[in-house]
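The structure appears right after this line, and notes come after that.
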Amino acid sequence: MSEVNPAAEADIMTIRAALNRWAGPMQRLDAEGKKREIDEREELIDALLRLLAVSRGALVLKAAPPVRAVDVERVLSCFRRLSLMGGATPAAIATYCEQLAAGDDNELAHRADPLLLRYVLTFHRDETRAWFAARDEARLRYVCERADLAGIRAWFEKMSVRKGELPKDACQYLRLILLKLWNCRMGDLETLAFEQAVLEVRLFDTMGWENTRMFCALLRRIGGGNLPAFGAYLGEEDIREALALHETLNDAEQRAHFRALAMVHDPKLLGELERAVFANAVHFEAMAEQAAAAESAANEARAAEQAAQAAADRARETPVKTSRLRRFFGMSGNAG
């Protein structure tokens, strides 16, 4: 008889309790409907346990902390949103995260984010990856890795002009690029995050800002003093949550970091960042409109030029035809 792991049992109980609280009481009263709802909940639990297995399997140096109900509820909310956006199933999302996180050896992140919310938030379709690969995504990685601020902004300016062509999950794919660079501790993460926030605001307005802010705040709560990026995206509630998280992880160094951060944190900074993002989004929108107007004017000018050229060609042909007719009739008159 195999020995039961008490920690694993406790995690499963936490996941089930959080799911039942999140989903509420059973809605279907007939036997068939109730079975279908039970199966749906089991599908969610299976996906969550697959995510947990990835992070647990990556831990070598330190013991695994218990799963928190708040982590379960956040991932479940993302599952629902991704389902509404594009019909993604929990199983498909779990498979995606398993593949991407398989080589992730960031133990700090695996302990702080055991259900891989950071990867769930990057879920995208294969077609989206192919779309960016065909549009010089390698250039974005290159300029980010070399902290080329002007290069990053130029790349996003090109994408802004193509706003209408962007895949619906484009921002999720761009988050993956940010996550990979963050994991490697390389590149101009702040500029990349800012430009992504501007693009998301242009696409989704306030919801776009909240999406970027939530993702960057998550990475900062996880990384703390070891990966000190995205501090401007933190609100006071984020700092309190980070303290609670690292209390659970029993990480004295990270608790000290966030206590010190709480003492010097300026709540106005987040508002200033938000205003800057929206101001740049408006600027890019105006630039895009000007570019579209200029392209439209250029197209109209080309069409007018082509029409004038065609009229000139017709005018040159007309005298030739007239002279031929005159010669014909003249010859006919002489013959008469």
If you roll a 1.4 Å probe over the chain with all protein chains in place, what percent of the accessible area is carbon or sulfur?
57
Along principal axes, largest first, the alpha-carbon spread of the chain in whole Å comes out as 123, 57, 33
Run the dipole for the chain about the Cα centre, Lys and Arg Cβ at +1, Asp and Glu Cβ at -1, nothing else charged, and hand back the magnitude in debye, nearest 20.
1400
Debye, to nearest 20: dipole size of segment 150-257, +1 on Lys, Arg Cβ, -1 on Asp, Glu Cβ
420
Ordering of 113-123, 207-217, 81-91 by burial proxy (mean other Cβ atoms within 10 Å per residue, highest first):
113-123, 207-217, 81-91
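Give me the percent relative contact order of the chain, please, defined on Cα pairs under 8 angstrom at least 6 residues apart.
Relative contact order, the chain: 13 percent.
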Which of TRP209, PRO90, ALA281 sits farthest toward the positive end of the charge dipole of the chain, with +1 on the Cβ of Lys and Arg and -1 on the Cβ of Asp and Glu?
ALA281
Accessible area per residue for the chain in Å², computed with a 1.4 Å probe and the full protein assembly in place, what is it?
54
Can you show me the helix-derived [θ] at 222 nm for the chain, built from DSSP H runs with n ≥ 4 at -39,500 (n - 2.57) apiece and divided by the number of residues, rounded to the nearest 500.
-26000 deg cm²/dmol
Hey, which lysines would be in cross-link range of LYS180, C-alpha to C-alpha under 26 Å, not counting anything within fewer than 8 residues on its own chain?
LYS62, LYS158, LYS163, LYS168
When the charge dipole of segment 12-167 is computed with +1 at the Cβ of Lys and Arg and -1 at the Cβ of Asp and Glu, the Cα pointing farthest to the positive end, of VAL60, MET159, LEU29, is that of MET159
Give the shape of segment 95-193 as rounded, prolate or oblate, defined through the alpha-carbon gyration tensor: a ≥ b ≥ c are the square roots of its eigenvalues, a/c under 1.5 means rounded, and otherwise the shape is prolate if a/b is larger than b/c and oblate if not.
oblate
Under the classification rounded if a/c is under 1.5, otherwise prolate if a/b is larger than b/c and oblate if not, where does segment 184-249 fall, given a ≥ b ≥ c as square roots of the Cα gyration tensor eigenvalues?
oblate
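The values are calculated or read from the model by the stated rules, or taken from the named source; none is laboratory data. Computed from a predicted model, the values in this text were never measured in an experiment. As a convention, Cβ positions derive from the backbone with ideal geometry for all residues, glycine included, and neighbour counts pool all protein chains shown. Heads up: the accessible areas ignore ligands, DNA and RNA and are worked out on the full protein's heavy atoms, side chains in. Shrake-Rupley method; radii C 1.70, N 1.55, O 1.52, S 1.80 Å.
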